[in-house]
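Enquirer: Got a structure here, written out as structure tokens. Questions coming.
A short reminder: the numbers here are calculations on the coordinates, not readings from a lab. Bear in mind that the values here come from a model prediction, so they are computed numbers and not experimental data. Here the Cβ positions follow ideal geometry from the backbone for every residue, glycine too, while neighbour counts run over all protein chains shown.
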Amino acid sequence: MTETPMPLWEVFIRARTGLAHRHVGSVHAADAEMALQAARDTYTRRGEGLSIWVVPSAAITASDPADKDMLFEPTASKPYRHPTFYTVPDEVGHM
Amino acid sequence: MYTQALNQPETGPNAAEDAARLARFEARIDAEERIEPNDWMPEAYRRTLIRQISQHAHSEIVGMLPEGNWITRAPSLRRKAALLAKVQDEGGHGLYLYAAAETLGVTREELVAQLLSGRAKYSSIFNYPTLTWADIGAIGWLVDGAAIMNQIPLCRTSYGPYARAMIRICKEESFHQRQGYEIMLTLCRGTPEQKAMAQDALDRWWWPALMMFGPPDSESAHTAQSMRWKIKRFTNDELRQQFVDATVPQGHYLGLTFPDPELRFDPATGHWRFGAIDWEEFRRVLAGDGPCNRERLETRRRAHDEGAWVREAALAHAAKRRARAAAQKIAAE
């Protein structure tokens, strides 16, 4: 059984107006239009969404988990990027 | 809906793993961190997950067949609409789970081929026939009920994509069990013949439902490792007992009796004690010799073969449209 693999698509759904599209899973489909229909049947049977994006999985570039420290550790040493790093006298009030 | 601990023997070499990476992996498991697709993981963890998730996916797909048998003969439009929605959910659950298994590096085509060739297992319960409408009630109440017992702890399983698929599935599953119980309740409040039908369905589905939790802990080779890696959170016997404790009072409320003369409440422990399960039958059905094994696989193979031209045509159409769009783009430049 050697079949041509069906392309893989990642599915993103906007649950409500004002929210960002969020990754919910993936589907296999021959083209974008069929991927949208498959995503609708698979991921929105109970009013989960108002809008769907499908993206070819192969088009996604992801960071390598092995690079996690190199990429994200430096932010831990920069507390001056957070408002709580700075002292404001109580008399000044909320800022 | 239908995970089952089948405890297939693990094959393949137990490769010497990088000790430091293994230690880091286990520390993450101990800290209740989720493992994600591109993270390093021991080969045995990957293999166990592929086996368990794909068996679970196959069970959802094959599980559509016994219930599909009654869609055209549902006794009312309300029942038919609910059964259609339930069977569609099972198909959806199969797809969530196949997608989760694929993140471990196996393709959909391989997984489907494993099912159709008979190499992969699926839950033994779907090799029993649905003889009357009451069976649809018993399946929802007992089979989905057992599945929920199994699946709720899996929402906290250590592999991220599996846990996320299980959360979606569990949210949708509760309707399945309630619609089944409602069918049983309606039959039990109906004519004596209808109540007898409900009793007959319970008599036939009770023991197979208990077998859904897999072999007893004493014979379960993988439980210890799976618990260590938090793939499983409870043992087969623990889940089976939880199911019996929850289900027996529901059956008594229906006014039905269970086909187990040894079933009795143990006030000292608060548990319902049940008789011995026929594990010989379980092994026989799992090995391919249940009442419907051949018919189920035959139906899946036919559906796959008869859909081949649709998949081919869809791919050819997509390729043609891509080529045409590319040609137009070149012409426009």
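Enquirer: Which ones in the stretch A:1-23 are part of a strand (DSSP E or B) and surrounded by 17 or more Cβ atoms within 10 Å (Cβ to Cβ)?
Expert: Initial filter on the stretch A:1-23 (part of a strand (DSSP E or B)): A:8-14, A:22-23.
Within the stretch A:1-23, A:LEU8, A:TRP9, A:GLU10, A:VAL11, A:PHE12, A:ILE13 qualify.
Enquirer: Within the stretch B:225-240, can you find the residues that are more than 14 Å from B:ILE152 (Cα to Cα) and of a type in the set (A, V, I, L, M, F, W, C)?
Expert: Those that are more than 14 Å from B:ILE152 (Cα to Cα) and of a type in the set (A, V, I, L, M, F, W, C): B:MET227, B:TRP229.
Enquirer: Which residues, counting only those in the stretch B:135-157, are crowded, with 23+ Cβ neighbours inside 10 Å and farther than 19 Å from B:TYR122 by Cα?
Expert: Within the stretch B:135-157, B:ASP135, B:ILE136, B:GLY137, B:ALA138, B:TRP141, B:THR157 qualify.
Enquirer: Another question, then. Please give the number of the condition B:PRO192 fails out of (1) touching a residue at least 24 places away in the same chain (Cβ under 8 Å); (2) within 29 Å of B:PRO259 (Cα to Cα).
Expert: All conditions are met except number (1).
Enquirer: Turning to a different aspect of this structure: Inside the stretch B:273-327, can you point out the residues that are in a helix (DSSP H, G or I), of a type in the set (A, V, I, L, M) and in contact (Cβ under 8 Å) with a residue 12 or more places away in the chain?
Expert: B:VAL285, B:LEU286, B:LEU297 - these are the residues of the stretch B:273-327 that are in a helix (DSSP H, G or I), of a type in the set (A, V, I, L, M) and in contact (Cβ under 8 Å) with a residue 12 or more places away in the chain.
Enquirer: Shifting gears a bit: How many residues are facing another protein chain (nearest Cβ under 10 Å), within 19 Å of B:PRO37 (Cβ to Cβ), in contact with a Ser or Thr (Cβ under 9 Å, 6 or more places away or on another chain) and part of a helix (DSSP H, G or I) when one looks only at the stretch B:70-109?
Expert: 6
Enquirer: Would you say B:ILE167 is part of a helix (DSSP H, G or I), among the hydrophobic types (A, V, I, L, M, F, W, C) and free of Cβ contacts under 8 Å to residues at least 60 places away in the same chain?
Expert: Judged against the criteria, B:ILE167 is a match.
Enquirer: Looking only at the stretch B:290-333, which residues are at the interface with chain A (Cβ under 10 Å from one of its Cβ atoms), among the hydrophobic types (A, V, I, L, M, F, W, C) and touching a helix residue (DSSP H, G or I) at 6+ places or on another chain (Cβ under 7 Å)?
Expert: The answer is B:ALA314, and nothing else.
Enquirer: Could you list, in sequence order, all residues of the stretch B:147-174 that are within 12 Å of chain A (Cβ to nearest Cβ) and among the hydrophobic types (A, V, I, L, M, F, W, C)?
Expert: B:ALA165, B:ILE167, B:ILE169
Enquirer: Out of (1) farther than 21 Å from B:MET212 by Cβ; (2) surrounded by 12 or more Cβ atoms within 10 Å (Cβ to Cβ); (3) among the aliphatic types (A, V, I, L, M), the odd one out for B:LEU256 is which?
Expert: Against the list (1) farther than 21 Å from B:MET212 by Cβ; (2) surrounded by 12 or more Cβ atoms within 10 Å (Cβ to Cβ); (3) among the aliphatic types (A, V, I, L, M), B:LEU256 comes up short only on (1).
Enquirer: Sticking with this structure for a sec: Going by what's in this entry, would B:LYS195 be described as surrounded by 17 or more Cβ atoms within 10 Å (Cβ to Cβ), out of contact with any Pro (no Cβ under 7 Å at 6 or more places or on another chain) and either outside any helix (DSSP H, G or I) or not charged (D, E, K, R) (or both)?
Expert: no
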